[in-house]
Structure formats: C-alpha cells, structure tokens
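Written out below as structure tokens is the structure these notes cover.
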Amino acid sequence: MPSKSTELKNLNSHDEATRRKAVRWLFENDVKESLPSFYSFLSDEDIWFRERAKMAFKKWITDDDFELIERLLEEKSSENEYFLSTLLSNFSAKSEQIVVELLKSDNYLVRSNVRTFQLKNSQENELNKLLLEVLEDPDYRVRKTGVRFLKMFEPNDFLIDRIFSDSHSLVRLTALENLNLDSIKHNELIHKLRNSEDIKIRFYATIFELKELIGKNENLYIFEIFHNSKISEKRIMISELMKFEWDYLIKLISYLFDQKKWEFLSMIAKKSTTEGSIKLRYDLAINNEVPIDYRIKIIEKLKSRVNSMDLSKLIENLEESNEERLIQAGEQLRGLQG
C-alpha cells in the first residue's frame, strides 16, 4: 500500500516508472513536505519531471521554504530567475527580498515580471513613485509593461512628463492607450503629441481632444487621422464619437457627406441607433454615389426598420439599379414589408 514515507523514498528510485508513480501520488495527496525532494527535478533531463517540479513549487512554496529560493538564486541562471519571477505571488514577508535580487537580473522578462508583481500589489499612493522607478529600466519592454498600469491610478504631472519624454515611441503609445488625459489640463502636451511623427500617437492624442476638435470644426484633421489609422483604431474613434449628442456631430457629418467620405459615414451609421443615425443610414443606402459594398451593409441595418419607416423610395431605387446585389437587396426589403 502506498504511504507518504514510501512515496517520498520512491522519488529517488532508479526506476523511472516508480518515480513517476511517486510524483503522482504526492500530488494527489497534497504532500507539501515533499517539496524539497522536487528541487533536483528542476534540472532533470526528462521534461516531464522538470515540469512536475515547477508545478510542485507553484503549488506549495511559501515563505517557510525560503532556503530553496536562496539555493535557486545562488545558481544565478537566467532560467532560475525567470522561474522565480513567476512565483512571487506565493510569498508574503519574503517577497521583497526576492524582488530586490531579481531586479538585478539581466533578463528583461524577469524584471518585467517583478515590476508587474510590484505594481499589482502596491497601494495606490505608492504607484507614482514606483512607476518612476520602472521608467528608469534600460529596456523599453519593461517600461512598456509598467505604463500599462496607468489605468489603475491618477498619475501626477511629473510622472506624465517623464512618460512622454521616454526615448521609445512604444512606451509613449502604450501610455496613451492606458491613460486618460484631461484635454484642458494637459492641452499643451496633447497638442505636442498631435504633431508626433507616429500616426498612432497622433490618433490617441486626437481621441483625447476629440470634443474640442469637433467644436472647432477641424473636420479635415479628424478625417485624416481616421483615414490613416488601422481598422481597430477607426472603431475606437467611432465609439468615442457616439458618446456625443447627435446634434454635436451634425457639422462633422455634413462635411463627410460633402466630401464623400463613405467609409467614415457608414461606420458612424452602423454604430448608432439614434434617430439621426437612422436617417443617415437611409441617406447612404439611397445614394447612388456610395460604393455598393457600403450600401449593402447599410441596407442590412435597415431591414429591422422596414415596418417602422417608409422605405418605398429606397426599394424603388434599388430595384431600378443595374447592380444585381442592389436589386436583390431591394427585393428582400419589399418581401419583408408587412
């Protein structure tokens, strides 16, 4: 019959099947005191034993087993450092000692894991100071990891200035994606970012200032940012626009219509369900200048309105078209009429 003492001894067996059976039994019976015996498996030639050793450490290690951590740190291997950086949440009082040692690592992934652990477990009033420390890291990828936490707290002006003086554009961009700048308080900074050579940075700066840009009728600038952005950013801009009252968007809509900016208009029309948006859908669907693909997508959005608004002129327009897809769309709308 298996027993704790027997299976602990079997971990050192020369027979592989016996060792595997012992590992399984110790896991199944949650024998925490077996953890020191798993230490040698961390460097075993067999990946199965190495992975089970890591599982054992993640499952059982605590402050009480700090001597095992000291042994791993003494070996000073990048692999050990990375593994330890994934275990930090297992510790309480001893975690700070491990943090101090791992921040000396040459492996940026180790430092990134450590900084993530620190930022996740710090008090809000400590985050400004801590993130300033993270921004001193020589590797931009660690700094980039740090600024992802900006959404967790209110950064002070000194920290904001430091972030946007960072030498790497991806750090600045990641900060913009996770930060809420005040368009009035940070007007000078936003204006500076709008002149960046990086289109993504210009995009997010525009999002922060969108209300002011619309109010000043800077419609060409808004369109150019939209046009030069990826589809994911375009969707973000549309979502931000939909936060405004429809009347506030009228001049922008009129500009886009006059300039035949059909993609921008169709995305706006598909996103909102306001009365103004429904009218925009209709205007786009019946306009023969609008590319067919956009019209078809807009018409799909109008199908649910077929019995709540007069679509007769649209249906006639579509059925008189020379394009088979539009004719079919008109016939479908007619068939849906009650």
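The values are calculated or read from the model by the stated rules, or taken from the named source; none is laboratory data. Keep in mind that this is a model prediction, so the values were computed, not measured. Neighbour counts run over all protein chains shown; Cβ positions are idealised from the backbone, glycine included.
Data overview
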{"read-out": "Residue within segment 2-12 that is assigned to a helix (DSSP H, G or I) and within 25 Å of residue 142 (Cα to Cα) present", "value": "no"}
{"read-out": "Residue match in segment 176-198 (condition: closer than 16 Å to residue 112 by Cα, surrounded by 13 or more Cβ atoms within 10 Å (Cβ to Cβ), in contact with a Lys or Arg (Cβ under 9 Å, 6 or more places away or on another chain) and of a type outside the set (Asp, Glu))", "value": "no"}
{"read-out": "Test: residue in segment 297-308 that is surrounded by 16 or more Cβ atoms within 10 Å (Cβ to Cβ) and small (Gly, Ala, Ser)", "value": "no"}
{"read-out": "Scope segment 100-123; condition among the aliphatic types (A, V, I, L, M) and out of contact with any Leu (no Cβ under 7 Å at 6 or more places or on another chain); matching residues", "value": "100, 103, 109"}
{"read-out": "Neighbours by Cβ (under 7 Å, 6+ apart or cross-chain): first from segment 189-216, within 16 Å of residue 227 (Cα to Cα); second part of a helix (DSSP H, G or I) and acidic (Asp, Glu)", "value": "203/233; 204/177; 207/240; 210/240"}
{"read-out": "Cross-chain or 6+ apart pairs with Cβ under 6 Å, segment 321-334 first and among the β-branched types (Val, Ile, Thr), then part of a helix (DSSP H, G or I) and surrounded by 14 or more Cβ atoms within 10 Å (Cβ to Cβ)", "value": "327/319"}
{"read-out": "Residues of segment 13-23 satisfying the condition of being part of a helix (DSSP H, G or I) and surrounded by 12 or more Cβ atoms within 10 Å (Cβ to Cβ)", "value": "18, 19, 20, 21, 22, 23"}
{"read-out": "Of all residues in segment 108-154 being β-branched (Val, Ile, Thr) and under 17 Å from the mean Cα position of the chain (by Cα), the one that is surrounded by the most Cβ atoms within 10 Å (Cβ to Cβ)", "value": "147"}
{"read-out": "Subset of segment 30-73 (residues that are touching a Lys or Arg at 6+ places or on another chain (Cβ under 9 Å), under 17 Å from residue 3 (Cα atoms) and surrounded by 13 or more Cβ atoms within 10 Å (Cβ to Cβ))", "value": "31, 32, 34, 35"}
{"read-out": "Selected residue (criterion: nearest to residue 25 (Cα to Cα)) from residues of segment 49-91 that are among the polar types (S, T, N, Q) and at pLDDT 85 or above", "value": "62"}
{"read-out": "In segment 74-91, the residues that are surrounded by fewer than 18 Cβ atoms within 10 Å (Cβ to Cβ) and in contact with a helix residue (DSSP H, G or I) (Cβ under 6 Å, 6 or more places away or on another chain)", "value": "82"}
{"read-out": "Any pair with Cβ under 9 angstrom, 6 or more apart, that starts in segment 244-270 at a residue that is modelled with pLDDT of 95 or more and buried (at least 19 other Cβ atoms within 10 Å of the Cβ) and ends at one that is among the polar types (S, T, N, Q) and not in a helix (DSSP H, G or I)", "value": "252/217; 262/287"}
